[in-house]
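*Asks:* Before I ask anything, let me first share the structure, which is written out below as structure tokens.
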Amino acid sequence: MNLNPETFSLEVANRFAEFGLKCTLQEYPHVQCYWLKSDADLIPPRQLNPAFYGCLDWHSAVHNHWMLTRLIRYFPEADFVTPAREILTQNLTPENIKIEAEFLKSQPRFECPYGLVWFLQLIAELTEWDDEHSKGLLENLAPLETVIVNNLRTWLHTLTHPNRTGLHNQTAFALGLMLDWATITAQENLLDEVEYKAQKFYSKDHNYSWHCEPLGYDFLSPCLAEADLMRRVLPAVEFSEWLTLFLPELPRDLKTDWFHPITLENPEDYGQSHFDGLNLSRAWMLDGIISGLFPEDNRIPALKAVANLHRQVGLNPLSGNSYGGSHWLGSFAVYLGTKRGLTLPN
């Protein structure tokens, strides 16, 4: 793997690894959202979700386990590797995963789609990692993967309209991560299903008002996530034509004043911490859009300029000093810095 030390050095990796090493084992504070049928369903997080109980919520715990796996692969000699491996071994046991699988069977809407597609990212990462440790973890996780794929398939089949917000339920982001997992694990049937939905929901979109973003406390850009999805689905010629219709006002010369990073006023506010994540996800989605265009496309200079601007701001998150940001921002920084969405098999 090739890293650009100017954008993601070991020093930067150490900072975000520290976030993950702490929060994956931190049970409280905790936010939980699932269907309660009686008092008996009020169960402490460590018992309810013994693998993914930390990091404030289930989905953050999942993508921090992905982050630690990704960092082990990229920096195998780093000081954080041993404790990261220990956390993966401690949390992802057959016993813990059995409990997680039973819970998600009983709660098919739980963390669907956001947390579930991050779990697929973890599976994809372990699949690509040629290591005895990863093989054992994949075996442990297989029962939960089966349940999660079934839950996502049900969600996908019953989905009649896309969620176009910038929060957890956004459809475009979820479909993009599903496509990446299906590509890496060679799930051809699911690839076809996801591509069909993407085409159905987004192929005819045009004249998006991207200047209205963010729509609230977004951590995902609705317009960029949609474009980053469609570059996965369409050949370069068709994607270029689609992008022209979808974002006709994209500059065709080098400009940086058309899409600014978001500045936080209160870095300790949990909602505003989303803006640090938004800067990071915007940067990787802009990189994704660029990758789907021909190199000579005259929109690329402006896209690169604002991607670099968002990257510079995002990799120094103001909210990373408080738990509102540190419990999840590391995974977004690592996704961007290691070019996760761009390092897929052809």
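*Asks:* Using the Karplus curve 6.51 cos²θ - 1.76 cosθ + 1.60 with θ = phi - 60°, work out ³J(HN,Hα) for each residue of the stretch 113-122 in order, rounded to whole Hz, and write x for Gly and Pro.
*Replies:* So the J values, rounded to whole Hz, are x, 4, x, 5, 6, 5, 4, 4, 4, 4.
*Asks:* Another question about this same structure. If we count trypsin sites (Lys or Arg not before Pro) as exposed when they sit in a DSSP loop and have at most 16 other beta carbons within 10 Å, what is the longest stretch of the chain that avoids them all? Don't skip to the end; give the middle numbers.
*Replies:* Working: sites that count: K37, R109, K204, R252, K255.
Excluding the exposed sites themselves, the longest stretch runs over 110-203.
*Asks:* Taking all protein chains in place and a 1.4 Å probe, what share, in percent, of the accessible surface of the stretch 1-139 do carbon and sulfur account for? Mind showing how you got there, number by number?
*Replies:* On the way: 3390 of 6500 Å².
That fraction is 52 percent.
*Asks:* Could you give the accessible area per residue of the chain, probe 1.4 Å, as a whole number in Å²? Before the final figure, lay out each step's value.
*Replies:* Values: 15080 Å² over 346 residues.
Accessible surface, normalised per residue, equals 44 Å².
*Asks:* With Cα extents along the principal axes in Å in mind, check [x] 57, 44, 40; [y] 69, 50, 44; [z] 68, 65, 39 and report the label derived from this structure.
*Replies:* [x]
*Asks:* While we're looking at this one, here's another question. For the stretch 17-113, what is Rg from Cα atoms divided by 2.2 N^0.38 Å, rounded to two decimals? Write down the numbers at each step before the final one.
*Replies:* Working: Rg = 14.1 Å, N = 97, 2.2 N^0.38 = 12.5 Å.
In units of the globular-protein estimate, the stretch 17-113 measures up at 1.13.
*Asks:* Another one. Compute the long axis of helix 81-91 from its Cα atoms, compare it with the longest principal axis of the Cα atoms of the chain, and write down the angle in degrees, 0 to 90, nearest 10.
*Replies:* The angle comes out near 60 degrees.
*Asks:* Here's something else I'd like to know. How about the chain: what cysteines have no other cysteine beta carbon under 4.7 Å from their own?
*Replies:* Lone cysteines by the Cβ rule: C33, C112, C212, C223.
*Asks:* Taking Cα pairs under 8 Å and at least six residues apart, what relative contact order does the chain come out at, in percent?
*Replies:* Working: 491 pairs, mean separation 59.7, N = 346.
Contact order relative to length: 17 percent.
*Asks:* Given axes a ≥ b ≥ c from the Cα gyration tensor, I'd like to know whether the stretch 131-283 is rounded (a/c under 1.5), prolate (a/b larger than b/c) or oblate.
*Replies:* On the way: a/c = 1.94, a/b = 1.33, b/c = 1.46.
It is oblate, given that a/c is not under 1.5 and a/b is not larger than b/c.
*Asks:* Using the Cα atoms of the stretch 284-346, I'd like the radius of gyration and the largest Cα-Cα distance, Dmax, both in angstrom.
*Replies:* 13.7, 43
*Asks:* While we're looking at this one, here's another question. Considering the convex hull of the alpha carbon atoms of the stretch 11-63, report its projected area averaged over all viewing directions, in nm², one decimal. Provide the component values of the computation, followed by the final result.
*Replies:* Values: hull surface 15.2 nm².
Dividing the Cα hull surface by four gives the mean projection, 3.8 nm².
*Asks:* Is the C-alpha gyration tensor of the stretch 79-166 telling us rounded, prolate or oblate? Criteria: a/c under 1.5 is rounded; beyond that, a/b larger than b/c is prolate, otherwise oblate.
*Replies:* Values: a/c = 2.33, a/b = 1.77, b/c = 1.32.
It comes out prolate by the Cα gyration axes.
*Asks:* For E77 and R46, FRET efficiency with R0 = 30 Å and r from the beta-carbon atoms, rounded to 0.05? Let's see the in-between values first.
*Replies:* Values: r = 32 Å, r/R0 = 1.08.
Approximately 0.40, to the nearest 0.05.
The values are calculated or read from the model by the stated rules, or taken from the named source; none is laboratory data. Here the structure is a predicted model, which means the values were calculated and not measured. No Cβ is skipped: glycine too gets one built from the backbone with ideal geometry, and neighbour counts run over all protein chains shown. The accessibility values were calculated without ligands, DNA or RNA, using every heavy atom of the protein model including side chains. Shrake-Rupley method; radii C 1.70, N 1.55, O 1.52, S 1.80 Å.
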